[in-house]
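Below is one structure, written out as structure tokens; the observations come after it.
What follows draws every value from the coordinates through simple rules; no lab data is involved. Computed from a predicted structure; not experimentally measured. Note that each Cβ is placed from the backbone with ideal geometry, even for glycine, and that neighbours are counted across all protein chains shown.
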Amino acid sequence: MGGQDEPVRLTVWVRGRVQGVGFRWWTRSRALEIGLRGAATNLDDGRVEVVAEGSRSDCEQLLEHLKSGATPGRVDSVVERWSKAGGAFAGFVER
């Protein structure tokens, strides 16, 4: 069965003052440092959706960054969902 090395997908919805403050760029930088693939996307309702794929431990590291309080802007809440990696990403992009 699956183990720690099996790729996972972490989807995170970040609410707060996270658009127009460099949040997606910052998230992309952290994700690339860790070695994750995915995207950070502004949503119409003001949230940022972060989708990251990689090992569970690497995704957990990104999640900790997002919850750290050291992000640009202000994070009010972080909602996460874990699923199986889809393999649809090359690199990490801002949308």
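Would you please name the residue that is surrounded by the fewest Cβ atoms within 10 Å (Cβ to Cβ), looking only at residues in region 1-48 that are in contact with a Phe, Trp or Tyr (Cβ under 9 Å, 6 or more places away or on another chain), in contact (Cβ under 8 Å) with a residue 60 or more places away in the chain and among the aliphatic types (A, V, I, L, M)? For region 1-48, the residue satisfying everything is L32. For the criterion of being touching a strand residue (DSSP E or B) at 6+ places or on another chain (Cβ under 8 Å), in a strand (DSSP E or B) and farther than 15 Å from V8 by Cα, A52 fails. One residue stands out among those in region 69-85 that are among the small types (G, A, S) and farther than 21 Å from R37 by Cβ: the one that is surrounded by the most Cβ atoms within 10 Å (Cβ to Cβ), which is G73.
Under the condition of being assigned to a helix (DSSP H, G or I) and in contact (Cβ under 8 Å) with a residue 40 or more places away in the chain, the residues counted in region 61-91 number 3. Of all residues in region 9-41, those satisfying the criterion of being assigned to a strand (DSSP E or B), within 12 Å of the chain's Cα centre (by Cα) and not basic (K, R) are L10, T11, V12, W13, V14, G38, A39, A40, T41.
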